[in-house]
Every structure is written in C-alpha cells, then in structure tokens.
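Here is the structure we will look at, set down as structure tokens.
The values are calculated or read from the model by the stated rules, or taken from the named source; none is laboratory data. As the structure is a prediction and not an experimental result, all values here were calculated from the model. A quick note on method: Cβ atoms are made from the backbone with ideal geometry, for glycine too, and the neighbour counts reach across all protein chains shown. When the accessible area is computed, the model is the full protein with side chains, heavy atoms only, and any ligands, DNA or RNA have been set aside. Shrake-Rupley method; radii C 1.70, N 1.55, O 1.52, S 1.80 Å.
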Amino acid sequence: MNNSPGQRASTDGIKLETRAWIDGASVPALSGSTFVTLNPATGEPLAEVAACDEADVDRAVKAARRAFEGGAWSRCEPGERKEVLLRLAALLREHGEELALLESLDSGKTIRDCRNEVASEVPHFFQWYAETIDKSFGRVAPTGQRAVSMIVQEPIGVVGLIVPWNFPLLMAAWKLAPALATGCSVVLKPAEQTSLTALRLGELAAEAGIPAGVLNVVPGLGEQAGQAIGRHRDIDMVSFTGSGEVGAYLLGYAAQTNLKPVGLELGGKSPFLVLEQARVTDDLIESAVMAAFWNGGQNCSANMRQIVHRRHYDEFVGRTLARVKALVVGDPLDPATDIGAMITAEHRDRVAGFLRSGVEGGARILHGGTALDDNPGFFLRPTVFDGMTPQMRIAREEIFGPVMGLMVVDSDEDAFGIAVDTDFGLHASVFTQNIDQALRFARALPVGTVSVNSFSEGSIATPFGGYRRSGSLSRDNGIEALAQYQQTKTIWIGLGSQP
Ligand code: NAP
Ligand code: MG
C-alpha cells in the first residue's frame, strides 16, 4: 500500500474486517449469517460481511447501555474525552490511505474523492468535535434573587445511527463525532453495500482508547439490523441519513415503540440557478458540472435541475458540454478518474430507467445516456438533457445518478418559480453578480443551504440539513449537530428568603 499520488492505487495486502464490532471486539453475527458486499467497479464479490439481526442489535444496545451507565465515557472529564477523540483523529490520518482504498473498493467511489473524504475530512471531523468538548458551557437563567437556575446539556444516552452508501465513512463521521463528543454510546449501522470502513473504524476507536461498548458497529440489512435499531425500546434517539421512504419507516417504528426522537437527513432535487446578471466564468461551469456529477451524481445535494436564463443559455450549454465530455469515467483506483462506478447494477438500471423516461417525456439527450461498453462494473456515462420541463418525472424525482437536466427561462422570476416547485428543500446554488438579488434569493429559497456564486455544501462549521421533505429539524455539522445527541435539563435551586 505504498502508493504514490499520481499512480493507479494498489490494494495489495489490504485487510478486510467483516465481523461486527460489538462491546470492544470483532464478532460474527449470532446467527452465523453473512451477506456479500461487491466491488462495484468489477461486479465481483469483495467479502462476506456479518449479517446482524435483532439479536445482534440487542447485544450491541446492552453493551452500549452498560457503557453509558458505567460513566467511563459519558461522565468522564471533558478533557479526557477530548484527548481520546484527538488520538482517534490522529489514527484515522495515519490509516488514511488504507481507509481510502477500502472505501473505494467497497463503494466504487474514486480514489481521489476517497482520499479527500476519508483520509482528510473524516479525521478533521473527529478533531473538530473533540475540540468543542472542553469549551461548552451551560447557562444560568434570569430567576431573580430567590433561586439560581442552571440550564445544562446532558448526553441523550444510547443512540442509533443509520447511514447510506454514497459517502459511507463520511456520513458515519458526521454523526459519530458529535454523538461521541457529547458522551453518548452508539450503535452504528452502515449501508449493506459499504460496511467495511465503519468496521475498521471500530477497531481504530478501541486503539485510541474509546471504552468497550461505547461504539458498536452492526453491519446488516436495513429490514433486519436497521429496523431492529428503529424499534429498539432502549435506544434513546436515532439519527438517519438516507431516503425519505426509509425515513418514514423510522418515524413509524418510533411511534410504535418508545417515541424516540428521529433525526432525518433525506433526499433532494436541488436547483442550480444561472440568473440574468450572472457572469459565465470557468468557475461557474466547473460548479455546474460538479454540482450534477460529483460522486457520479450519487449525492443528496446534487444540483440536477439546472435553470439557466436565456441570455446565457447557448454559451452555458456549449461550455458545459465541453467540460462534461472531458470527464473520465472508469477505474476508481486511477487518480485521473472523475466518475467511478455506480453502487449496484440495480441502481444503475434504475437511473437508466429515468433516462428512458426523460426521452419518452420529450427531453433530448445532448451527451451520454449509455453504460461503458464491455465493462462488467456498474458504470454509466454522465448524461446531459435539455428540454427538461418541470412536470417530467426526471425533473421531480430524485435520480441519484450522473444526470443533468437543463431548463431555459426568460426571466429570473420564472427561474425562482421553477426552483421552488418541488417537495424537497435541501440545497440551491444561485449565480448572479447582483448582490441584492443574491441575498433576496438566498432568503426566499426554502432550502437548508444556499450557495451563492459557487456550488458548496458548506464546511464542518456550518449546519447541514433540509427543509420540507429533505429532513427534520435536526442538523448534521456545525455546533448545531451536538443538539441531536443532547437533552436539556433545568436545575432549579431555591435560595430561601433570608440573606
Ligand atoms: P436508504 O435506502 O434509505 O438506506 C439508508 C440506510 O437505511 C441504509 O443503511 C439502509 O440499509 C437502511 N435501511 C433500509 N431499510 C431500512 C428499514 N426498513 N429500517 C431501517 N433502516 C433501513 O438510502 P440509500 O439508498 O442508502 O441512500 C441514498 C439516499 O440517501 C438518497 O435519498 C440521498 O438523498 C440520501 N442522502 C441524504 C443526505 C443528507 O444529508 N440529507 C446525505 C447523503 C444521502 P441497507 O443498506 O441494508 O438498505
Ligand atoms: Mg460494496
């Protein structure tokens, strides 16, 4: 694994840990069952992973509860928790290349993105939240002379985290880092297609000094391990990133069991707006292309709906197509690759179904629309549609693949109208040189993140989440993320009437 940055990455000697991580040890599922995880770039089986079910989840919850009540993590000095999480950040950096390779093999994501996300952003997340622990203060309420009232935050307890396959370790870190920082114990279920990096993280967390039972990883199918987390009566909250359909199930499980709060980060159908007073620069074109095709479009905040003022349309289309044609699709382990494999053959076929629906609905394919010839991996070329109209299926439903849909408008007002005509509200990008207009759009768009003159989801310091059907009130990232994993307690101390 002595890889140099420009060369095709070698995975020789990489270790695949496939057992669950429960109570500080790698263990098979109690039933002995396994499921196969594939390498999406070859279509070949990569490993057989422990298929955890209700019994394994229960075992993990018991370990997590014991650890939480024991207090070694939940009630230790803030500085101690901070030191352990900083050690974990350092270990994640040290093992960055190994984790990036594992992620790329298991998910089909490009090694370039994996190096950035897994080897750099993930450790940074643990470091960032570690550094908040000993700088968080409670408050004193304005109660007058007869009482003192303290408002304090406490870790909520045992939390269930359920994450998707599109950014496997990054989505896990978005939740794990703040949950662990607050002192919670965790049961994490990765997506069935991409469990390997989370399982390796369990081992590294133990090496860093996280006590047994505080962090448990239960790989398994959504219907089994995921549902068992959703229904478990001794889990105090669930934080979920994934589809709206499964988010709705989780609300149902909570309603039918212990009414645990459920934090939801769901899908999107985000607009990219090029308004009349935009300046069409190389940066804008790069943003447009990345907004649609980064991670093969398997991105909740993908700006698939690109709404462009007629004044710029021809130039925008010409320059965008030139850039899209230069995107390299293929071997994820080659650092020159821009778009790796789609997660599964079924998902690729589902996206291909959207392409057919677009054509049948009257949209025109300007580029792409096909798989890679003679390749057993799950690849799809980036596709650009023009003539997409707001009522088409491709304009309304989340595709989650490498598809850009262009819509030309005659006014900025029309652009706004189309942008908000959706059930979702995760993200929007707005391009204009008119600062008043940029701010008016930023205020008026009903979405969790608005990016002006760039395509960005923000940074670790900025909360991320959705309006409308894109999520619940919870937020990942930023100081705001801590609130998901904490409860607020009031301690009221009567002082009597004598001085
Ligand atoms: P998904 O099908 O909803 O799966 C997400 C997770 O839920 C997986 O771990 C899955 O397990 C589990 N699950 C499935 N059925 C379940 C059930 N009945 N009970 C409990 N858990 C269950 O979503 P996905 O296809 O993996 O991911 C794509 C979706 O995630 C898109 O909609 C995307 O927009 C969204 N997303 C949102 C954000 C955000 O921050 N807003 C970020 C990234 C992705 P299995 O793997 O076994 O099915
Ligand atoms: Mg896989």
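Some values worked out for this structure:
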quantity: Cα-based radius of gyration of the chain once divided by 2.2 N^0.38 Å, which approximates compact folds; calculated: 1.01
quantity: In degrees, nearest ten, helix 435-444 long axis to first principal axis of the chain (Cα); calculated: 60
quantity: Rounded to 5, percent antiparallel among DSSP beta bridges of the chain; calculated: 45
quantity: Cβ-based net charge around residue 446, under 14 Å, with every Lys or Arg adding one and every Asp or Glu removing one; calculated: +3
quantity: Backbone HN-Hα couplings from phi across region 199-212 [Karplus 6.51/-1.76/1.60, Hz, Gly and Pro as x]; calculated: 5, 5, 4, x, 5, 5, 5, 5, 4, 6, x, 6, x, 3
quantity: Distance (nanometres) between label positions extended 7 Å along Cα→Cβ at residue 459 and residue 48; calculated: 4.7
quantity: Sites residue 349 and residue 487, calculated FRET efficiency, Cβ-Cβ separation with R0 56 Å, nearest 0.05; calculated: 0.80
quantity: Estimated inter-spin distance, residue 498 and residue 26, nm [label 7 Å along Cα→Cβ]; calculated: 6.7
quantity: Long-range amide H partners of residue 20 with built H, under 5 Å; calculated: 27, 29, 50
quantity: Listed pairs 82/109; 62/260; 15/109; 15/62; 109/325 exceeding 27 Å between Cα atoms; calculated: 82/109; 15/62
quantity: Largest to smallest principal axis extent of the C-alpha atoms in region 340-499, angstrom; calculated: 85, 43, 25
quantity: Rounded accessible area of residue 22 (nearest 10 Å², 1.4 Å probe); calculated: 10
quantity: Relative contact order (percent, whole number), the chain, Cα cutoff 8 Å, 6+ residue spacing; calculated: 18
quantity: For the chain, calculated [θ]222 nm from helices alone, where every DSSP H run of n ≥ 4 adds -39500 (n - 2.57); calculated: -11000 deg cm²/dmol
quantity: Inter-site label distance for residue 259 and residue 443 at 7 Å from Cα along Cβ, in nm; calculated: 3.9
quantity: Calculated FRET value between residue 359 and residue 75, using beta carbons and R₀ = 51 Å, to 0.05; calculated: 0.25
quantity: By average C-beta atoms within 10 angstrom, highest first, the peptides 9-19, 139-149, 171-181, 392-402; calculated: 171-181, 392-402, 9-19, 139-149
quantity: Protein accessible area in the chain, 1.4 Å probe - carbon and sulfur %; calculated: 51
quantity: Computed E for residue 116/residue 149 - FRET, C-beta separation, R0 41 angstrom, nearest 0.05; calculated: 0.35
quantity: Inter-part distance where region 63-132 and region 134-206 are each reduced to a Cα centre, Å; calculated: 12
quantity: Probe 1.4 Å - accessible area at residue 150, Å² to nearest ten; calculated: 70
quantity: Region 439-499: relative contact order in percent, alpha carbon pairs under 8 Å with at least 6 residues between; calculated: 21
quantity: Environment charge of residue 455, counting only residues whose C-beta is closer than 11 Å and scoring Lys/Arg +1, Asp/Glu -1; calculated: -3
quantity: Percent of Cα pairs exceeding the 21 Å cut-off, where the set is region 169-272; calculated: 35
quantity: Principal-axis tilt of helix 345-360 within the chain, Cα atoms, nearest 10 degrees; calculated: 40
quantity: Exposure rank, largest accessible area first [436, 412; 1.4 Å]; calculated: 436, 412
quantity: Heavy-atom accessible area ranking, 1.4 Å probe, most first, across 197, 34, 488, 281; calculated: 488, 34, 281, 197
quantity: Per residue accessible area of the chain, 1.4 Å probe, in Å²; calculated: 40
quantity: Net length gained if the chain between residue 4 and residue 243 were fully extended (0.36 nm per residue, minus Cα distance); calculated: 82.3 nm
quantity: Area accessible to solvent at residue 99, 1.4 Å probe radius, in Å²; calculated: 0
quantity: Nearest-ten-degree value, helix 54-70 long axis tilted from longest Cα axis of the chain; calculated: 50
quantity: Spherically averaged projected area of region 239-292 from its Cα convex hull (nm²); calculated: 5.3
